Amino acid sequence: MPYVPIPLPSRVEIEKNEALKVAHDYYTHMCKRHSVRNFSKEPVSTEVIEKIIETAGRAPSGANQQPWHFVAIKDQEKKAKIRSAAEKEEKAFYSSGGHDEWISALESIGTDASKPHLTDAPWLIVIFAERYGLNKDGSRRKNYYVNESVGIATGFLISAIHNAGLVCLTHTPNPMKFLNSMCLRPINEKPIMILPVGYASADATIPAASTNKKPLDEIMSVI
Ligand SMILES: Cc1cc2nc3c(=O)[nH]c(=O)nc-3n(C[C@H](O)[C@H](O)[C@H](O)COP(=O)(O)O)c2cc1C
């Protein structure tokens, strides 16, 4: 497509003296986001999931290639198959003995090989990254900044989930190649993570360690 400049189609108009309050309100809203591993079985409509994924699709991407695909799963049988495959990988990981440093880094998060959230949550969103594009003749087209672009889209997705009053978990079974065949995705796509999405159960807990966030002066410097 040739370069065609158009006038900026939309702006968020905020009075300059309101910016700090608006920024602070958004910060407060985002402080209420937590990774949740205990889901209620309360359903979430397909329309809500569609709108959340549509929001993720508004993320910036290298050369606007949008190298992502989101598979939304509500089928209970499919979720059970994914849980069983993920738990098999996790059992191998936790009992391998070769990942001691990694496993001790996870200690304060309290995770183990059991993944009930994969069947309790009403939806699983599986995120795929398109490593390279495929032309109609089967030749490959290079995609640029795939990891960065999919990471940003995932951030949009998590923010949209939170904004709709829902919770999720960024779950990364390792390895997760099994997700391609289960989600019917082609080999040029790589599974990045599974997000169980739904409402937090009434008795949901989170690891205390996860609330420990670095202060601003540690994550920011001003020049
Ligand atoms: C890339 C990535 C992978 C993660 N993988 C897992 C996972 O496989 N299982 C899990 O229980 N949590 C996983 N987490 C969640 C983190 O443990 C969680 O984000 C962290 O403890 C901070 O908690 P918070 O999200 O509530 O702020 C992952 C998070 C990220 C960003």
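Rule-based calculations on the coordinates, nothing more; no lab input. Everything quoted here is computed from the prediction, not taken from an experiment. Ideal geometry is used to build each Cβ from the backbone, glycine not excepted, and the neighbour counts take in all protein chains shown.
Out of the residues in the range 139-176 that are hydrophobic (A, V, I, L, M, F, W, C), within 12 Å of the ligand (Cβ to nearest atom) and more than 17 Å from Ser35 (Cα to Cα), state the one that is surrounded by the fewest Cβ atoms within 10 Å (Cβ to Cβ).
Top of the filtered list is Met176.
Only one of Lys21, Lys41, Lys78, Lys88 is under 29 Å from Lys177 (Cα atoms), free of Cβ contacts under 8 Å to residues at least 40 places away in the same chain and charged (D, E, K, R); which? So that I can check it myself, show each step before the final result.
Numbers: Lys21 fails: under 29 Å from Lys177 (Cα atoms); Lys41 fails: free of Cβ contacts under 8 Å to residues at least 40 places away in the same chain; Lys78 fails: free of Cβ contacts under 8 Å to residues at least 40 places away in the same chain.
None of the other options fit; the residue is Lys88.
Please state which one of Ala113, Ala209, Ala202, Ala153 is over 18 Å from the mean Cα position of the chain (by Cα) and in a helix (DSSP H, G or I). Quick ask: steps written out before the conclusion?
On the way: Ala113 fails: in a helix (DSSP H, G or I); Ala202 fails: in a helix (DSSP H, G or I); Ala153 fails: over 18 Å from the mean Cα position of the chain (by Cα).
Step by step, each of Ala113, Ala209, Ala202, Ala153 is checked, and only Ala209 is over 18 Å from the mean Cα position of the chain (by Cα) and in a helix (DSSP H, G or I).
Could you tell me which residue of the range 16-69 is farthest from the ligand (Cβ to nearest atom), considering only residues that are at positive phi and surrounded by 11 or more Cβ atoms within 10 Å (Cβ to Cβ)?
Pass one, the range 16-69, residues at positive phi: 63-64, 66.
Still in the list and also surrounded by 11 or more Cβ atoms within 10 Å (Cβ to Cβ): 63, 66.
On the way: Ala63: 24, Gln66: 20 Å.
Across the range 16-69, the extreme among qualifying residues is Ala63.
Which of the following residues is more than 11 Å from the ligand (Cβ to nearest atom) and buried (at least 16 other Cβ atoms within 10 Å of the Cβ): Leu195, Leu184, Leu216, Leu179?
On inspection, the qualifying residue turns out to be Leu179.
Checking the condition touching a residue at least 24 places away in the same chain (Cβ under 8 Å), within 30 Å of Ala209 (Cα to Cα) and of a type in the set (A, V, I, L, M), which residue from Ile103, Ile53 passes? Before the answer, list the steps.
Working: Ile103 fails: touching a residue at least 24 places away in the same chain (Cβ under 8 Å).
Matching residue, one of Ile103, Ile53: Ile53.
Let me confirm something: among Glu15, Glu77, Glu50, Glu54, which residue is of a type outside the set (Phe, Trp, Tyr) and farther than 23 Å from Pro186 by Cα? Working first, answer last.
On the way: Glu77 fails: farther than 23 Å from Pro186 by Cα; Glu50 fails: farther than 23 Å from Pro186 by Cα; Glu54 fails: farther than 23 Å from Pro186 by Cα.
When all the criteria are applied, what remains is Glu15.
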